[in-house]
Amino acid sequence: MTTTMTTDAAATWLTHVGPDAAPAGVVPQPRGAVAADAPTEVAAPVVPDVPTQRTPVSDEVVAAVALLWVEFKQKACRTSREKLILHYAPLVAAVAGRVGMRLPSTVEHADLVSYGMFGLIDAIEKYETDRAVKFESYASARIRGAIIDELRAMDWVPRSVRTKARTVDRAYAELEATLHRAPTEAEIARHLQIPLAELRGVYSQLSSVNIAALDELLGGGEDRAGGVSLVDTLGDERTQDPAGSLEDAETSFLLARAIEQLGERERMVVVMYYYEGMTLAEIGRVLGVTESRISQMHTAAMLRLRGRLTAAGV
């Protein structure tokens, strides 16, 4: 029946396996779109370990894909290679989706798919059809490895530092659960059985690990309406805070009014001590009293000022 399909017949049928006219389930299509001349029961091959539609695979698909493998492995046919890549392309998107679930939102899914395509091509080149291993299982591991290798190549932090960061985090969590409080550096060092100086050296290396993008949205994905980025939360020291300026002006006004309500000699002590920078001994010589008396007058003035400012709500 279909298992005896000729090479020409398989090639004719596989001309429909493309991005513009492909059997439903083989290449992603808009919902409800089905090629006019495609077999009615054709579905995507079942891919182990990745999400897929659990529909039966037609004999035509199995036979056509098997013929493509024969042509590619025996004749090194470039056309067969390209059709195999196209046929297994949805597997790359599925693996990339699973890897991306544990990555930050700044990592684009399209980039992961691009990295995974190199793993798929390498898997097709090195796969041996005479082994009792399904290509989908073999390719899934190669695709995932290609994505992880590319992510590591782009990481500016050495892998050893990442390993140390996980070790310290795990030790911190274990001690926190045991002690029911935040552990000290010495306790973490004893738990890891390393000197305290070495632990502090690890902290210095980890200082460059936790780097966040200023344009990354906080508390949600990129599509979140009204999202706030990290740069929006940073203060600009060059600008004046309106609320702070108003509070300072109000405090200065209340303080000046409270000083005016002091006695003449107490007011002179406050002005000379805080505004002219004179010592208590110098103020005593100016007013003709001892330094201890100036200290008593200063203390009394501070108590009166504090009481008036407290009553004013400052």
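Here R98, R81 are screened, and the one residue that is of a type in the set (K, R) and either within 21 Å of V62 (Cα to Cα) or exposed (fewer than 13 other Cβ atoms within 10 Å of the Cβ) (or both) is R81. Name the single residue that is surrounded by the fewest Cβ atoms within 10 Å (Cβ to Cβ) among those in region 119-149 being part of a helix (DSSP H, G or I) and touching a Pro at 6+ places or on another chain (Cβ under 8 Å). The qualifying residue surrounded by the fewest Cβ atoms within 10 Å (Cβ to Cβ) is S137. Only one of the listed residues (V314, V228, V270) is of a type in the set (A, V, I, L, M), surrounded by 12 or more Cβ atoms within 10 Å (Cβ to Cβ), more than 30 Å from T163 (Cβ to Cβ) and modelled with pLDDT of 90 or more. That residue is V270.
For region 105-118, filtering for residues that are touching a residue at least 24 places away in the same chain (Cβ under 8 Å) and either surrounded by fewer than 16 Cβ atoms within 10 Å (Cβ to Cβ) or within 21 Å of the chain's Cα centre (by Cα) (or both) leaves 6. Taken together, the residues in region 149-199 that are of a type in the set (D, E, K, R) and over 30 Å from D122 (Cα atoms) amount to 11. The number of residues in region 134-155 being over 23 Å from E82 (Cβ atoms) and without any contact (Cβ under 8 Å) to a residue 40 or more places away in the chain comes to 5. Of the helices (runs of 4 or more DSSP H) that lie entirely inside region 237-314, those containing 2 or more residues that are without any contact (Cβ under 8 Å) to a residue 12 or more places away in the chain and out of contact with any Leu (no Cβ under 8 Å at 6 or more places or on another chain) span 242-260, 280-287, 291-311. Being part of a helix (DSSP H, G or I) and modelled with pLDDT of 65 or more is a property that I188 has. Of the residues making up region 267-314, those that are over 29 Å from E247 (Cα atoms) and either of a type in the set (S, T, N, Q) or touching a Phe, Trp or Tyr at 6+ places or on another chain (Cβ under 9 Å) (or both) number 8.
The values are calculated or read from the model by the stated rules, or taken from the named source; none is laboratory data. Just so we're clear, the structure is a prediction, and the values are computed from it rather than from any experiment. Every residue, glycine among them, receives a Cβ derived from its backbone with ideal geometry; neighbour counts consider all protein chains shown.
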